[in-house]
1. Does anyone have the angle between helix 248-267 and the longest principal axis of the chain? Alpha-carbon axes, 0 to 90°, nearest 10?
2. Name the residue from Leu255, Met237, Val227 whose Cα lies farthest towards the positive end of the charge dipole of the stretch 220-268, charges +1 on Cβ of Lys and Arg and -1 on Cβ of Asp and Glu.
3. Farthest toward the dipole's positive end in the chain, which of Ile207, His54, Thr116, given Cβ charges of +1 (Lys, Arg) and -1 (Asp, Glu) about the Cα centre?
4. Which trypsin sites (Lys or Arg not before Pro) in the stretch 186-289 sit in a loop by DSSP (not H, G, I, E or B) and have at most 12 other Cβ atoms within 10 Å of their own Cβ?
5. To the nearest 10 degrees, how steep is helix 40-49 against the longest Cα principal axis of the chain, on a 0 to 90 scale?
6. Dipole of the stretch 143-218, Cα-centred, from +1 at each Lys and Arg C-beta and -1 at each Asp and Glu C-beta, to the nearest 20 debye?
7. Tell me which residues come under 5 Å, amide H to amide H, from Ile187 once H is placed; ignore anything under 5 positions away on its chain.
8. Name the residue farthest towards the positive end of the dipole of the chain from the options Leu153, Ile287, Val143, assuming +1 on Cβ of Lys and Arg, -1 on Cβ of Asp and Glu, about the Cα centre.
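Quick note: the coordinates plus some simple rules give every number you see, no bench work behind them. Please read all numbers here as calculations on a predicted model, not as lab measurements. Here the Cβ is made from the backbone with ideal geometry for all residues, glycine too, and neighbour counts use every protein chain on show.
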Amino acid sequence: MKRRSSNKSKMVTLVTVLLMVLTACSNENRTSPSISGGSAEAAAGSKSTEVTVHIARLGGISPLMIAEEKGWIDEAFAEKGAKVEWSNFTSGPPILEAIVSNRIDLSSMGDGAVITGLSNQIPFEIIGLLGDGKDLNTVIVPVNSTISSVADLKGKTIGVAKGTTSHVYLIKILQSIGLSQDDVKQINLQADDALAAFETGQLDAWITLDPYVTLSVEQKKAKIIEVEGEFLAPLSMIARTGFVKEHPELVTEYLKVYQKTLDWQRDNLDEAAALYEKHSKMPASVIKTVLERSANQLSAYTSQAIEAHEASSEILLNNKFLKKKPDFTKAINNTFVEELN
């Protein structure tokens, strides 16, 4: 009986060895990435814990283009075990949709999208202020147009991206002289489409931002309509609420790099303009002019900016553009910017 048991044991051992050899050969014939500095299991574990951060660049010229080109954000996030996925948006409203579906974690937005988003309780926080937006929006008309004032816009066809800071600006300047949206014909167009429509004579006026204003004026295709009064349009840094709760350290890194980029841009205008030209196809000379006028600087949210949002919200509410007025004090989170100083 003992001999039979021994033979059976040897047979089991032999079968086990053969299975191990076959498995090893099978694995060798498969194409797999090389693993260094640890076992495959350790690498798999590391990969599963890597955080993917979804960052949206807003507009044709964004400091994030420089941060990506220089590798500053990718490097800073890699040190925190995270990687970046970039996306481009021409205006704020589509970013709101992406936040709802967890496709955007960090970005910036104008006052129109911020106000609308908070009114609709979209889950994001305001984590910084980039500027009061005093000179952000402009009314331009074809260079040979007879329009010379906001009052002359009555009955005219105006290009503007609905729900954006430019849309809010249009409503406010019309109201300031006793007109409303019903007194003009609005065509909802994103920037590139609006530029084409403007240059082909399909628009009587266009409410837009730089670099499109400077480009059109320098090419002698447009003139600026002066607007009386001051209309603030705060530009905000934003973060998806869930992302803030889960990865506050990455929010801090994001703002650090953004501030570093703004500082570099201010000190290297020619190189920055050349870089933007490559990405936006706008002439570097136009971009440099825009950058020289830019006053954007990352800071904590101010009482003046909050008051500007509240005043704009009241106007939008009266124009039935909002269902309810948002509470900005609950949405603003200055702690991350304050940590930088």
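1. Compared with the principal axis, the helix lies near 50 degrees.
2. Val227
3. Of the options given, the answer is His54.
4. In loop regions of the stretch 186-289 (DSSP not H, G, I, E or B), the sparsely surrounded trypsin sites (Lys or Arg not before Pro) are Lys220, Lys281.
5. Tilt of helix 40-49: around 20 degrees.
6. Dipole magnitude for the stretch 143-218 comes out near 280 debye.
7. Ile158, Gly159, Val160
8. After comparing all options, I get Ile287.
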